[in-house]
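Right, one structure below, let's go through it.
The values are calculated or read from the model by the stated rules, or taken from the named source; none is laboratory data. All figures in this text were calculated on a predicted structure; none of them were measured in a lab. Neighbour counts are summed over all protein chains in view; Cβ atoms, including those assigned to glycine, are modelled from backbone coordinates with ideal geometry.
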Amino acid sequence: MRLRVNGRDRTADIGESVSKSAAVREKRGPAPARIASGISAMMLLDARSEEEYRAEFLRLLRYRNGLDTFDFHIPRKPGPAGALAARFKGVLWRLLRYQHDRISFRQNLINCFFTGLFEIEIGQRDREIADLRRRLGRIEARLQPAGGRS
């Protein structure tokens, strides 16, 4: 393996560190789960109008408005000091997880309330706009014959 940074060969000074990090990564097990393509923020790029963008944004918001408290891999540096620090962080996580669960539960409630509020607000705005368009259409229809011009 050859490492070049800014046109200079850096294999000697950073190559070993990269190799160690790669070896540690291989020992960790499977890679983290990927987000399904159907719930990616990249889906917003496909919107052809503000309405489509808003609808897609709300759909994605429903997927992402909850925090989870699942166990996770704690990143670590190579070597004994890195292993000790990772073990210490794991103990801290187990000690403090109940607090994290309580805070996450409350935050999930707040997030769900706000998502619901956004949906209600957008629905109300859409109904008001549709009503205003209907009323404007009736007014324009009344004015059309009277003016005689288009």
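At-a-glance table
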quantity	calculated
Contacts under 7 angstrom Cβ, first residue in the range 8-34 being at pLDDT 70 or above, partner basic (K, R), 6 or more apart	D9/R2; R10/R4; T11/R2
Single unsatisfied condition, P78 versus (1) touching a residue at least 12 places away in the same chain (Cβ under 8 Å); (2) closer than 21 Å to I39 by Cα; (3) not basic (K, R)	(2)
Residue within the range 54-74 that is of a type in the set (G, A, S), at pLDDT 85 or above and loosely packed, with under 12 Cβ neighbours inside 10 Å present	no
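One line per residue, one yes/no per condition, for (1) on the phi > 0 side of the Ramachandran plot; (2) assigned to a loop (DSSP other than H, G, I, E, B); (3) not assigned by TED's automatic domain parsing to the domain that holds L96:
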site	(1), (2), (3)
G38	no, no, yes
L44	no, no, yes
Y53	no, no, yes
L60	no, no, yes
D71	no, yes, no
K77	no, yes, no
L84	no, no, no
